[in-house]
Amino acid sequence: MGCTRSFALGITLIMIGGLCGCGTLNDYQTKDTLKLANLKQPVEVVRDEKGMAYIRAENLDDALTAQGFVTAQDRLFQMEMIRMAVQGRISELMGEKARPFDIRMRTLGFYRNAQKHARLLNAETRQYFENYIRGVNAYIDTRPKTRPLELKLAGIQPKPWSVPDVLSIIYYMSWGSSANLETEIIAQMLLEKIGPDRVHEVLPLNINPDDVPDDASTAETIEVPGKGQAKILFTRAGAVFNDPYRLNIGSNNWAVGAPLSAGGKPIVANDPHLEATMLPGPWYPCGLITPTFRAVGVNIPGIPGFVVFRSDRIAVGITNAYGDTQDLFLETPDPDNPDRYMEGDKSLPFEIIEETITIKDKKAPDGIRKEPIKISLTRRGPVVSKVLPGLVTDKIVTLRWSPFETMEPQMGLKKMLMARSVADVRKALADTNLLMLNFVFADTDGNIGWQVSGKLPIRSQKDGTFPQMVKDGSDNWIGWIPYDDMPQSYNPKRGWVGTCNHKTVGKDYPYYYSSHQASSYRYRRLKQLMDHPAKKTAVDFWEFQRDTLNLMAEAIAPVMAEALSVHKETRAMGQILSEWDFHDDENQAAPTIFQAVYRHFALLVFIDELGEELADTMLNNWYFWQERLQRMVLENDSPWFDDQRTTDVTETRDDLLYRAALNATKDLSGQMGSKPEKWLWGKIHHIEYLNPIRRKGIGKGVLGGGSHPVGGSGETLRRNFYAFKQPFDVIVSDSLRMVADLGDPEKVLAVLPGGVSGRTFHPHAKDQVDRFIEGEKVYWWFSDAAIRDHAETTLLLKP
């Protein structure tokens with residue numbers, strides 16, 4: 001009770017201070033001179049009107065140390081929360097309710113494997129991390145009076161950072177870019193529910209729009225297990241699988257070569273899609289400048305350098321490649337010894353790892369209790385049966401993940417940062433095994449490229465959509481896809497490269513790549529825009545990132561409009577849809593009608609045969625079903641349209657659309673009145689930016705960034721998607737918009753949905769929110785003159 005009262009009192013004091021204009025209540029030094037140990041030479045830190053730091057050093061080592069220092073100034077609370085989450089220590093702050101999360105993190109073993117990997121690093125890679133860490137630790141050690149108030153309110157005493165801390169965050173970021181875990185769980189649930197003879201009817205369709213023809217006929221055929229696997233593995237469908245701190249990475253990126261650029265140099269655009277509603281946002285921006293190198297960009301706080309950036313020679317953007325790096329295995333316990341498992345006739349002992357979780361508990365002495373846990377592993381990986389949310393089973397299920405098996409002494413992060421050409425970037429990515437990302441990049445010589453990073457296993461069964469049953473001691477991962485065979489493109493004839501998390505491998509690709517890929521709508525729209533013959537500018541790309549044309553709606557809404565126009569009760573809805581231009585704009589009613597009706601329609605199609613729980617679980621994974629259901633709608637002959645709960649009638653597609661419209665009308669009328677023309681998308685489709693120390697209750701609005709009506713959807717380039725089970729508030733959106741024109745020596749177009757600082761009431765904690773929502777142009781400054789002209793403060797760091 002005392003801790004709760006202290007926290008509430010702290011929040012009240014912060015609110016009073018902020019409302020009185022006392023931004024210095026939670027500030028740090030940005031002027032004059034400050035001593036920083038471990039520097040070789042003085043470093044200058046200039047901050048612009050956004051509070052963004054531009055670090056000028058005489059060498060890269062000092063620049064990285066200063067980057068660690070300024071990142072800690074702005075984001076130490078965020079860094080500590082990420083570190084504690086990855087290490088499975090959130091129970092220290094939140095008590096019993098965080099216990100399952102902590103057990104999950106420790107079982108998956110990000111920090112445990114980061115410790116192992118740290119011991120393997122070569123001297124150059126270790127030094128790259130340690131330079132940054134020295135800056136972080138210098139701030140923690142020497143500036144206790146200017147630590148973020150959020151740390152004090154949460155009761156966090158930051159300890160020195162280490163190389164495993166940084167590596168564990170990289171592994172966690174990699175986990176967010178991995179696939180097919182959810183797909184495997186859902187596919188197995190479907191297999192158990194409807195059997196191997198029918199499950200193919202609802203498995204994902206993954207379409208590469210660059211294939212010819214670019215339709216479902218080119219989708220990969222997923223290999224369905226036989227009846228031997230159609231036994232009860234998962235006893236019931238579970239909840240959403242996402243963790244609250246997971247760095248889910250979606251995104252769009254593209255680059256245009258010199259011939260199609262109005263300025264004669266390549267342009268790179270990137271808008272990573274993350275859960276970006278928590279202020280100040282997931283990315284930390286800054287500039288690094290030395291006598292031989294210059295770059296501006298972003299990275300996750302706690303990781304040195306940049307993953308999205310523009311330097312004096314190159315520009316780089318990322319999206320999730322969704323390569324399948326995850327497999328679930330059904331293990332067989334030894335019937336004679338529960339401490340062992342079977343591989344055929346051979347009995348093997350579980351490897352046991354013992355750890356202790358510290359849990360905040362007001363009933364315990366000293367307010368905490370210690371709980372020992374045991375983590376069991378087989379040769380494939382940890383037992384996750386009762387650990388992963390949504391995985392409810394009485395079987396022994398293990399998880400295998402390729403990054404834990406592909407550790408190398410070197411990592412390509414420094415090489416990529418220092419790359420001088422497209423060829424250099426490609427060489428750097430050959431050493432970037434941990435991240436399954438689409439890197440799009442360009443250089444000032446006019447070259448452009450796209451390369452998938454990471455290592456994908458070659459599976460003996462040639463598919464990874466379903467969990468595997470362990471039958472003997474053989475290894476179904478029989479090798480790794482060679483780097484030269486990973487998806488890639490360099491200086492293509494069409495003059496541009498781009499990815500939108502879609503299936504990028506062609507129908508003739510010789511390896512299984514993934515069965516979890518984004519629906520093709522965003523990439524199809526990008527193709528339309530990029531294939532227009534006019535030369536492109538950075539401003540064009542800035543507008544492309546906010547494009548709201550919904551190509552799924554363009555295909556399906558005419559069918560929906562026709563079905564609704566037949567009935568008096570839904571005729572007005574049908575008329576609005578028939579007049580729609582298919583743009584998901586906040587001032588239109590048609591997007592609301594389409595999304596609401598189609599959501600109810602999807603439920604009606606599947607709920608009768610799958611049951612409510614499994615239907616909800618499948619539908620909450622948009623990529624699993626969107627292309628499949630569209631194919632059903634357009635072909636109009638699917639047996640899934642018939643409601644199995646009615647015996648005296650055979651329902652059609654249009655019957656279900658009509659029913660769905662009636663259900664949607666009940667929902668929308670209760671919120672916005674009875675007139676469909678008043679159901680504007682912006683009235684119901686919002687994004688709310690929250691402060692991490694006050695996510696709900698009194699003060700949420702004051703400390704947060706407000707709730708904003710937004711256009712776009714999950715199917716548009718302007719990505720603002722909601723959870724299927726919780727319409728229509730946005731949970732994932734673009735977390736950064738960047739357009740880097742290599743022909744512009746002065747600046748880079750870039751805006752965050754929050755701000756630079758992670759400190760409550762700091763003037764740069766949420767000052768970019770409105771500009772982000774409105775599409776206002778914001779810049780990272782690049783040239784010396786531009787940085788000087790926009791300098792607000794200068795801090796000199798001395799050895």
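Has the range 314-328 got any residue that is acidic (Asp, Glu), surrounded by fewer than 22 Cβ atoms within 10 Å (Cβ to Cβ), in contact with a Gly (Cβ under 9 Å, 6 or more places away or on another chain) and in a strand (DSSP E or B)? There is no residue in the range 314-328 that is acidic (Asp, Glu), surrounded by fewer than 22 Cβ atoms within 10 Å (Cβ to Cβ), in contact with a Gly (Cβ under 9 Å, 6 or more places away or on another chain) and in a strand (DSSP E or B).
Taken as a whole, the condition of being open to solvent by 10 Å² or more (accessible area, probe 1.4 Å), within 19 Å of the chain's Cα centre (by Cα) and on the phi < 0 side of the Ramachandran plot applies to Pro692. Residues that are open to solvent by 20 Å² or more (accessible area, probe 1.4 Å) and within 30 Å of Ile186 (Cβ to Cβ) number at least 3 in the following helices (runs of 4 or more DSSP H) confined to the range 523-615: 551-565, 590-610. Apart from one condition, Ile375 fits all of (1) open to solvent by 90 Å² or more (accessible area, probe 1.4 Å); (2) within 25 Å of Glu184 (Cβ to Cβ); (3) assigned to a strand (DSSP E or B); the exception is (1).
Quick check: is even one residue across the range 617-634 closer than 25 Å to Lys503 by Cα, among the acidic types (Asp, Glu) and open to solvent by 40 Å² or more (accessible area, probe 1.4 Å)? For the range 617-634, residues closer than 25 Å to Lys503 by Cα, among the acidic types (Asp, Glu) and open to solvent by 40 Å² or more (accessible area, probe 1.4 Å): absent. Only one of the listed residues (Gly109, Gly88, Gly135, Gly155) is surrounded by fewer than 20 Cβ atoms within 10 Å (Cβ to Cβ) and in contact (Cβ under 8 Å) with a residue 60 or more places away in the chain. That residue is Gly155.
Here is a yes/no grid of residues against (1) within 18 Å of Glu182 (Cα to Cα); (2) without any contact (Cβ under 8 Å) to a residue 60 or more places away in the chain; (3) surrounded by fewer than 20 Cβ atoms within 10 Å (Cβ to Cβ):
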site: Arg340; (1), (2), (3): no, yes, yes
site: Lys346; (1), (2), (3): no, no, yes
site: Lys370; (1), (2), (3): no, yes, yes
site: Leu388; (1), (2), (3): yes, no, no
site: Trp401; (1), (2), (3): yes, no, no
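If you check Ser489, Ser514, Ser453, Ser460 for being free of Cβ contacts under 8 Å to residues at least 40 places away in the same chain, touching a strand residue (DSSP E or B) at 6+ places or on another chain (Cβ under 9 Å) and not aromatic (Phe, Trp, Tyr), only one passes: Ser460.
Return yes or no: is Gln73 in a helix (DSSP H, G or I), over 18 Å from Leu149 (Cα atoms) and at pLDDT 95 or above? Taking the combined requirement at face value, the residue does not satisfy it. Applying the condition of being assigned to a loop (DSSP other than H, G, I, E, B) and open to solvent by less than 10 Å² (accessible area, probe 1.4 Å) to the range 192-204 and asking which residue is nearest to Asp637 (Cα to Cα) yields Val202.
Condition check for Trp450 on (1) assigned to a loop (DSSP other than H, G, I, E, B); (2) modelled with pLDDT of 95 or more; (3) open to solvent by 10 Å² or more (accessible area, probe 1.4 Å): one failure, at (1).
Look at Ala428 and say whether it is part of a loop (DSSP other than H, G, I, E, B), crowded, with 21+ Cβ neighbours inside 10 Å, modelled with pLDDT of 95 or more and touching a helix residue (DSSP H, G or I) at 6+ places or on another chain (Cβ under 7 Å). So Ala428 does not fit the description; no. Could you tell me which numbered condition Met672 fails, if it satisfies all but one of (1) touching a Phe, Trp or Tyr at 6+ places or on another chain (Cβ under 7 Å); (2) buried (at least 18 other Cβ atoms within 10 Å of the Cβ); (3) among the aliphatic types (A, V, I, L, M)? Here Met672 meets the rest and fails (2). Within the range 129-177, being more than 30 Å from Gln517 (Cβ to Cβ) and small (Gly, Ala, Ser) holds for Gly135, Ala138, Ala154, Gly155, Ser162. Against the list (1) among the small types (Gly, Ala, Ser); (2) modelled with pLDDT of 95 or more; (3) open to solvent by less than 20 Å² (accessible area, probe 1.4 Å), the condition Ser162 fails is (3).
The values are calculated or read from the model by the stated rules, or taken from the named source; none is laboratory data. The shown structure was predicted, so the numbers you read here are calculated from the model rather than taken from an experiment. FYI the Cβ positions are ideal-geometry reconstructions off the backbone, even for glycines, and counts take in every protein chain you see. Heavy atoms of the whole protein, side chains included, go into the accessibility calculation; ligands, DNA and RNA do not. Shrake-Rupley method; radii C 1.70, N 1.55, O 1.52, S 1.80 Å.
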